[in-house]
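Trainee: Right, I'll just put the structure down here and ask away after.
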Amino acid sequence: MPKIVDHDERRREVLSAASRVIVRDGIDAATTRAIAKEAGYSNGVLAHYFADKDEILLSALRHSHRRIRERLTGKVAGMTGLAALREVLLDNLPLDDERAAETRLEVSFWSRSLAAGRLAEVQRAEAGELRAAVRELLGQAREAGELTVDDDLDEVAERLLALMDGLSLRLLLYPDRLSRDDVERLMLRTLERL
């Protein structure tokens, strides 16, 4: 009797393996051979599910974004305005091992995105969704009277996202200088000033 293979599960295993290789060794080390070895499969298995290395990498990034969205949707269920905004921004900071790995994965793609049009499109679309969510929550907060600043909300959204990216990167690069508690405190102070 032939072995029954769950193709969706196998794809997820390959994408998880690709993410682990990228987070641990860097995106340049994420060769199909390294990914296959990490997943415990042959290169031939990868070729069955993905056209090439770029498709694996792009799929790994999308898979990570999908997991983050699902987690975040659960966290903010029933919340609006500043309460939801607080959760969105804190969830996107590397404040625990899971989110640190997600941030490392994301940051690993940044330089590659500058040279790869398809990857850049995905990055921009995903970042656009996050920006739209932050902007929407700021609008809700203003309507509810939760904001004391009269600044343009598009600019506020950009400042918050830039702070989130900067704090994330600084925490990963300079853990001796900045702790997870410091990063959380800095983000919360910024939100309190709104």
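The values are calculated or read from the model by the stated rules, or taken from the named source; none is laboratory data. Computed from a predicted structure; not experimentally measured. Positions of Cβ are generated from backbone atoms using ideal geometry, with glycine treated the same way; all protein chains shown enter the neighbour counts. Heads up: the accessible areas ignore ligands, DNA and RNA and are worked out on the full protein's heavy atoms, side chains in. Shrake-Rupley method; radii C 1.70, N 1.55, O 1.52, S 1.80 Å.
Trainee: Counting alpha carbon pairs within less than 8 Å and at least 6 residues apart, what relative contact order, in whole percent, applies to segment 7-192? Walk me through the numbers on the way to the answer.
Mentor: Values: 151 pairs, mean separation 39.9, N = 186.
Over segment 7-192, the number comes to 21 percent.
Trainee: Show me the ranking of peptides 14-24, 53-63 by mean Cβ neighbours inside 10 Å, starting with the highest.
Mentor: Those peptides, ordered most packed to least, come out 14-24, 53-63.
Trainee: So for each of 66-77, 155-166, 85-96 I average, over its residues, the number of other beta carbons within 10 Å; can you give me the resulting order with the highest mean first?
Mentor: 85-96, 155-166, 66-77
Trainee: Also: Report, to the nearest whole %, how much of the accessible area of segment 61-153 belongs to carbon and sulfur atoms, 1.4 Å probe, protein only. Please report the intermediate quantities before stating the final value.
Mentor: Values: 2490 of 4940 Å².
Carbon and sulfur together cover 51 percent of it.
Trainee: Considering every Cα-Cα pair within the chain, what fraction, in whole percent, is farther apart than 27 Å?
Mentor: Percent of Cα pairs beyond 27 Å in the chain: 37.
Trainee: Still on this structure, please answer the following. So how tilted is helix 180-192 from the main axis of the chain? Cα-based, degrees 0 to 90, rounded to 10.
Mentor: 40
Trainee: Give me the angle, in degrees from 0 to 90, between the Cα long axis of helix 153-173 and the longest principal axis of the Cα atoms of the chain, rounded to the nearest 10.
Mentor: Compared with the principal axis, the helix lies near 50 degrees.
Trainee: For the chain, build the charge dipole from Cβ charges (+1 Lys, Arg; -1 Asp, Glu) around the Cα centre, then report which of LEU85, SER42, VAL149 sits farthest towards its positive end.
Mentor: Comparing the listed Cα positions along the dipole, SER42 ranks first.
Trainee: Compute, for segment 7-192, the length of the dipole vector about the Cα centre, with Cβ point charges of +1 (Lys, Arg) and -1 (Asp, Glu) only. Units Debye, rounded to 20.
Mentor: Rounded to the nearest 20 debye, it is 740 debye.
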